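Inspection log for the structure reproduced underneath, given as structure tokens.
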Amino acid sequence: MSAATQLKPPVKKPAHVADSLVYDFDMYFDPEYLAEPQAKIIKMLESVPPVFWTPRNGGHWVFLSHQANFDAARDVVSFSNEVVPYSKIKVAQTVFKILGKIGLGKGHLPMPFPIMLDPPMHTKYRKPLQRAFGPANIRTLEPGIRELCGELIDSVLAQGGCEFMESIAEPLPVKVFLQMLGMSPDNFLEYRALLKEHMNNGKTEANPRKRMETLRKISAAMRPTMLKLKENPGDDMISELWQSEIDGRPITLEEMENYGVLLFIAGLDTVMQSLGFAVRHLAADTALQQRLRDDPSLINDAVEEILRRYTFTVPVRRVTKDVEFMGARMKANDHAVLLLPGADLDPKYFDKPTDVNIEREGKPHIAFNAGPHRCLGSHLARLELRILYEEFLKRVPPFRLDPDKPPVFECGHVVGFERLNLLWDKPAA
Ligand code: HEM
């Protein structure tokens, strides 16, 4: 099916939305966006208001400019992460629990806490993760990640090319996830299938029932290991999280399952797509590729600049009250997305934003967002990226995009590649 045929029909503009703020943009199927996501955003930054309303996918606001994204991300009073209010989630979780208790087979309804909570609940549930994902803990993962990278790269080296997403970008974060959480590598195929299911759910507007089912499958897959590690703790993140307290009492299995689904949905396709954007840029920018080969000490700067140039996540918010924001009149319960790629490509904020300039100084990107929900996995994501750059450049000869198989993108709350074909000269036998 072509992107144009998948476009959802536009809805009628509500009266409170000014005509001048309407722009037709489908964040899943806009054909120009799907053809080259960041190019479409650069075009929008030139001609579309910094905050606009689109009639697609039920009608919602889009924060496009750096200022709009940065200010909205920090204004948790006006822009809530509780797209479904916590009071409703609590009712659903209680109903599921009662059904489970009376034998009707439902049990715990796992929810990715704390990403879908606002302060103060958010702060309480973020704390244990903050400790677990701190730089000291994450540094200990380096040898394991390097070994996994090496194995995956070596498995395709002799082929003279690969479909990068399937061969490396997708399996790497899944394997790191299993290792970090103390789960058996034998679970790899099951988790990979769950990741595909989760990503398919993200390719269209929300289907809450399907998403809930996937979350339940993820927590069911993790539960046996969680219970085992509670009794016999190891040197892993689940064992560490079992030691944490919420409100001064031990953490419960249900709360652990909420953390499990959060880490699964936040930490896999994001890393995967960041690896895709990195390798795709280097395949096209052979001068930078060579510079990094010659001087790997530049890799950290390249990681940051490529994260900025190809920022790719689009978090969602619910407007909590009638509010005027950057000239837009919004009503309580309107929906909005933070188009973070727009923030990091905004020419009003970054000089020559489309250039990849690894000497760029001064202004931090917001690929990991800003404000209280700023990414907890940024140290891990940067480590996975740096090691992949290092090992790929060390092991693979100069690589390029396959001219006969151009990249295929997918868009939504995470923007990235469905396919990314690379070529290199086969090493001599
Ligand atoms: C390059 C890779 C990654 C990018 C670009 C990224 C980006 C983001 C962004 C933009 C947010 C904020 C969402 C919002 O405002 O609603 C976020 C939150 C989060 N991320 Fe990441 N992420 C990445 C990798 C990871 C990894 C590897 C993990 C851990 C396994 C992780 C765990 C989290 C968690 C737990 C949150 C929720 C924080 C909160 O609500 O307080 N992320 N991430």
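How many of the residues making up region 311-338 are assigned to a strand (DSSP E or B), near the ligand (Cβ under 9 Å from one of its atoms) and not charged (D, E, K, R)?
Selection size over region 311-338: 3.
For Ala428, all conditions in the list (1) among the aliphatic types (A, V, I, L, M); (2) in contact (Cβ under 8 Å) with a residue 60 or more places away in the chain; (3) part of a loop (DSSP other than H, G, I, E, B) hold save one; what is the number of the exception?
(2)
When only residues in region 143-195 that are away from the ligand (no atom under 16 Å from the Cβ) and assigned to a loop (DSSP other than H, G, I, E, B) count, which is surrounded by the most Cβ atoms within 10 Å (Cβ to Cβ)?
Among residues in region 143-195 that are away from the ligand (no atom under 16 Å from the Cβ) and assigned to a loop (DSSP other than H, G, I, E, B), the one surrounded by the most Cβ atoms within 10 Å (Cβ to Cβ) is Gly160.
Give region 60-77 a look and list any residue that's crowded, with 18+ Cβ neighbours inside 10 Å and farther than 16 Å from Ala367 by Cα, or say none.
Matches in region 60-77: His60, Trp61, Val62, Val76.
List the number of the failed condition for Asn201; all other conditions in (1) over 30 Å from Glu240 (Cβ atoms); (2) in contact with a helix residue (DSSP H, G or I) (Cβ under 7 Å, 6 or more places away or on another chain) hold.
(1)
Find the residue count for region 123-134, including only residues that are buried (at least 17 other Cβ atoms within 10 Å of the Cβ) and either in contact with a Lys or Arg (Cβ under 6 Å, 6 or more places away or on another chain) or under 13 Å from Glu255 (Cα atoms) (or both).
So the count comes out to 4.
Could you grab the pairs with beta carbons closer than 8 Å, sequence gap of 6+ or different chains, first residue in region 258-276 and within 18 Å of Pro341 (Cα to Cα) and more than 9 Å from the ligand (Cβ to nearest atom), second one in a helix (DSSP H, G or I) and among the small types (Gly, Ala, Ser)?
Close Cβ pairs satisfying both conditions: Gly276/Ala169.
Given the conditions (1) assigned to a loop (DSSP other than H, G, I, E, B); (2) away from the ligand (no atom under 11 Å from the Cβ); (3) touching a residue at least 12 places away in the same chain (Cβ under 8 Å), report the number of the one that Ala302 does not fulfil.
Of the numbered conditions (1) assigned to a loop (DSSP other than H, G, I, E, B); (2) away from the ligand (no atom under 11 Å from the Cβ); (3) touching a residue at least 12 places away in the same chain (Cβ under 8 Å), the odd one out for Ala302 is (1).
Val76: part of a loop (DSSP other than H, G, I, E, B), within 16 Å of the ligand (Cβ to nearest atom), modelled with pLDDT under 90 and not charged (D, E, K, R), yes or no?
Criteria not met by Val76.
Can you name the number of the only condition in (1) more than 10 Å from the ligand (Cβ to nearest atom); (2) surrounded by 13 or more Cβ atoms within 10 Å (Cβ to Cβ); (3) touching a residue at least 12 places away in the same chain (Cβ under 8 Å) that Gly107 fails?
Looking at each condition in turn, Gly107 falls short on (3).
Just the residues that are within 11 Å of the ligand (Cβ to nearest atom), in a loop (DSSP other than H, G, I, E, B) and touching a Lys or Arg at 6+ places or on another chain (Cβ under 9 Å), please, taken from region 365-406.
His365, Ile366, Ala367, Phe368, Ala370, Gly371, Pro372, His373, Leu376
Can you tell me which residues in region 228-244 are in contact with a helix residue (DSSP H, G or I) (Cβ under 8 Å, 6 or more places away or on another chain) and either aliphatic (A, V, I, L, M) or surrounded by fewer than 12 Cβ atoms within 10 Å (Cβ to Cβ) (or both)?
Listed by number, the residues that qualify are Leu229, Met237, Ile238, Leu241.
List the pairs whose first member sits in region 174-194 and is touching a residue at least 12 places away in the same chain (Cβ under 8 Å) and among the small types (Gly, Ala, Ser), whose second member is more than 16 Å from the ligand (Cβ to nearest atom) and assigned to a helix (DSSP H, G or I), and whose Cβ atoms are under 6 Å apart, counting only residues at least 6 apart or on separate chains?
Going by the 6 Å Cβ cut-off, the qualifying pairs are Gly182/Leu229.
State which residue pairs qualify: first residue farther than 20 Å from Val77 by Cα and free of Cβ contacts under 8 Å to residues at least 12 places away in the same chain and inside region 365-382, second residue near the ligand (Cβ under 7 Å from one of its atoms) and in a loop (DSSP other than H, G, I, E, B) in any location, beta carbons under 6 Å apart, and separation of 6 or more residues or different chains.
Within 6 Å, the pairs are Ser378/Phe368.
The values are calculated or read from the model by the stated rules, or taken from the named source; none is laboratory data. Remember, predicted model here, so these are calculated numbers, not experimental data. Quick reminder, even Gly has a Cβ in these numbers, built from the backbone with ideal geometry, and neighbours come from all protein chains shown.
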